[in-house]
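First the structure, in the form of structure tokens, and then the observations on it.
The values are calculated or read from the model by the stated rules, or taken from the named source; none is laboratory data. This one's a predicted model, so the numbers in the text were calculated from it and none came from an experiment. Because the Cβ atoms are built from the backbone with ideal geometry, glycine has one as well, and the counts that use them run over all protein chains shown.
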Amino acid sequence: MPSTRLHLLTDAVRRLDIRALVLASAVAGFFVWVLPARPVLMLDAGFFAFLALQGGLSRLNGAAARTYIKFVVFWVAAKFLVDCIGADNTVGERLADAGVLALRLTGLALLGLIITGDSSPRALGQALSWFAKPLLREHSWKAALALSLMLTAMPRIGRTAANLNRTLRLRGTSLSIVRRFTLIALATLRIIAQEAESIAIAVMTRDLFRPEPWQTDGKPHAGRIDPGGAAGCCAGGFSPVTPRR
């Protein structure tokens, strides 16, 4: 019985409307940035549990995890160093402030993983088009297309840069950090430029260079409540929402 309730909850989480998920994530991100440490820690735990239900942990590979960890560590270290230079507080207070920043950045990273979880670049582009329509009006689909292409290209760029960095390391090439970064950036840009033609052909083949594929109907919804399922699962501590048909 508990496994059935968990399965229902997991299925409901994975079928949430992407627009409702983006709205909820935006509100949650605001609270992550303004609340004190203890509530932020509780929110982070909730985000982690939601990501697990969504299946995001199984899709998070080692390289991506290391990238997020490096991002958090870099900014936490930068804040600590800046506080050491210009702040009058004690070392313990500086470490505490750095720890709070780590919690906030971790929460934002988890929200990013939640949003990009099961959603395709096209679905995220459609969500952007829906949100941007009051501002961009008939041009909102262009922003959606740009976002979709960016999300499609980012993993490819990451893999290319990682492969180039690994090649330089295996060759034993001794380069300064600036030189290595410049070389990897230029080589990555060259490879992406070479693939621009194939990307353009894919867009035209799928007929995505027009407004219609980026339109969504209706308002954001969390789903349709199933009274029977809700009553049964609430007894076990869950509140499931079934997707619309």
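Scanning the range 168-184 for residues that are part of a helix (DSSP H, G or I) and more than 20 Å from Ile157 (Cβ to Cβ) yields Leu170, Arg171. Does Arg94 satisfy the condition of being farther than 30 Å from Pro211 by Cβ, in contact with a Cys (Cβ under 7 Å, 6 or more places away or on another chain) and surrounded by 14 or more Cβ atoms within 10 Å (Cβ to Cβ)? Criteria met by Arg94. For the subset of the range 162-193 comprising residues that are under 30 Å from Pro213 (Cβ atoms) and either in contact (Cβ under 8 Å) with a residue 12 or more places away in the chain or surrounded by 12 or more Cβ atoms within 10 Å (Cβ to Cβ) (or both), which member is farthest from the chain's Cα centre (by Cα)? Of everything passing the filter in the range 162-193, Ile191 is farthest from the chain's Cα centre (by Cα). Taking each residue of the range 117-137 that is more than 24 Å from Ala49 (Cβ to Cβ) and looking for partners that are basic (Lys, Arg) with beta-carbon atoms closer than 7 Å, six or more apart or interchain, yields Trp130/Arg19.
Among the candidates Gly237, Gly223, Gly232, which residue alone is more than 26 Å from Ile18 (Cβ to Cβ), surrounded by 14 or more Cβ atoms within 10 Å (Cβ to Cβ) and modelled with pLDDT under 75?
On the way: Gly237 fails: surrounded by 14 or more Cβ atoms within 10 Å (Cβ to Cβ); Gly223 fails: more than 26 Å from Ile18 (Cβ to Cβ).
None of the other options fit; the residue is Gly232.
Test Leu151 against the stated conditions and say whether it is part of a loop (DSSP other than H, G, I, E, B), touching a Leu at 6+ places or on another chain (Cβ under 7 Å) and modelled with pLDDT of 80 or more. So Leu151 does not fit the description; no. In the range 109-120, the residue that is modelled with the highest pLDDT out of those that are surrounded by fewer than 18 Cβ atoms within 10 Å (Cβ to Cβ) and over 8 Å from the mean Cα position of the chain (by Cα) is Ser120.
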